[in-house]
1. Looking at Arg113, Arg145, which one is open to solvent by less than 70 Å² (accessible area, probe 1.4 Å) and basic (Lys, Arg)?
2. What are the residues in segment 100-128 that are more than 14 Å from the ligand (Cβ to nearest atom) and touching a Ser or Thr at 6+ places or on another chain (Cβ under 9 Å), if any?
3. Please go through segment 19-34 and pick out each residue that is over 28 Å from Gly141 (Cα atoms) and in contact (Cβ under 8 Å) with a residue 40 or more places away in the chain.
4. With within 16 Å of the ligand (Cβ to nearest atom), more than 14 Å from the chain's Cα centre (by Cα) and in contact (Cβ under 8 Å) with a residue 60 or more places away in the chain as the only criterion, which of Asn7, Asn16, Asn97 stands out?
5. Tell me whether segment 42-56 contains one or more residues that are within 13 Å of the ligand (Cβ to nearest atom), open to solvent by less than 60 Å² (accessible area, probe 1.4 Å) and touching a residue at least 60 places away in the same chain (Cβ under 8 Å).
6. Could you look through segment 21-41, keep only residues that are in a helix (DSSP H, G or I) and in contact with a helix residue (DSSP H, G or I) (Cβ under 8 Å, 6 or more places away or on another chain), and pick out the one that is most open to solvent (accessible area, probe 1.4 Å)?
7. Out of all the residues in segment 74-88, is one or more within 26 Å of Pro154 (Cβ to Cβ) and open to solvent by 50 Å² or more (accessible area, probe 1.4 Å)?
8. Residue under question is Arg12, and the condition is that it be at pLDDT below 95 and either touching a strand residue (DSSP E or B) at 6+ places or on another chain (Cβ under 9 Å) or hydrophobic (A, V, I, L, M, F, W, C) (or both); does it hold?
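The values are calculated or read from the model by the stated rules, or taken from the named source; none is laboratory data. Remember, it's a predicted structure, so these values are computed and weren't measured experimentally. Cβ: placed from backbone, ideal geometry, glycine included. Neighbour counts: every protein chain shown. Just so you know, the surface numbers come from the protein's heavy atoms only, side chains and all, with ligands and any DNA or RNA stripped out. Shrake-Rupley method; radii C 1.70, N 1.55, O 1.52, S 1.80 Å.
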Amino acid sequence: MKILQINASARREGANSTKLANTVVERLQAAHPGAALTLRDLAASPVSILDEAALGALFTPAGQRSAAQAALVAEYDALIAEVMAHDVLVLGVPMYNFGVPVQLKAWVDAIARAGVTFRYTESGPEGLIQGKTVYIALARGGLYRDQPHDSQVPYLKTVLGFLGLTDLRFIYAEGLNMGPEAAAKGFAQAEADLAAALA
Ligand SMILES: Cc1cc2nc3c(=O)[nH]c(=O)nc-3n(C[C@H](O)[C@H](O)[C@H](O)COP(=O)(O)O)c2cc1C
């Protein structure tokens, strides 16, 4: 088993989502001795955002790209190859302003590529990142599970599903900024979600 852990918290120290993602990885490695781990920290190594220059690079034919354009496409290509080379993804995802951190959005924008990670067919779109399990460790200050104003989980289900990542296992640590009692409850719920996700 090859595990790719992607930490999306802007915090490089003390992040709840990272701690939870670490726990997921520890449990996976306990269940699958010898499982290899690759760590991608999006705060330490931010992905280039999909701005005008990046779009220009992607839409320029390979042979005609400037050095800067080639470097941008190579960066995105490497992120795609990294995902393809692993069996299991573990995402550590804090909630920021009801959504995912910009660092994670940049990663999603980098790996979503027509003809490479998805394609359009006569019967509709087809995701090309197939056969992987994705554990998503969520950390939230408040309580949003299954609420209409949780724009994070529906977004992840939509975009990752579009790319073919349909085996998504969400682990919720919620209420972390609502006092010690609520936080303890949130971590206990995460533990229960994790047990169910690994069962
Ligand atoms: C900039 C910012 C925005 C946040 N927005 C929300 C939010 O919309 N909803 C929520 O429940 N918690 C929100 N929080 C609280 C975080 O989700 C919570 O502190 C979580 O533990 C952060 O993840 P981390 O510990 O992995 O960095 C926010 C925190 C920060 C720093």
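1. Just a single option satisfies the conditions, and that option is Arg113.
2. Result: Ala106, Ala110, Ile111, Gly127, Leu128.
3. Ala31
4. Unique residue meeting the criteria: Asn16.
5. Within segment 42-56 (the criterion being within 13 Å of the ligand (Cβ to nearest atom), open to solvent by less than 60 Å² (accessible area, probe 1.4 Å) and touching a residue at least 60 places away in the same chain (Cβ under 8 Å)), the answer is yes, since at least one residue qualifies.
6. Arg27
7. Yes, there is a match, as at least one residue in segment 74-88 is within 26 Å of Pro154 (Cβ to Cβ) and open to solvent by 50 Å² or more (accessible area, probe 1.4 Å).
8. When the stated conditions are applied, Arg12 passes them.
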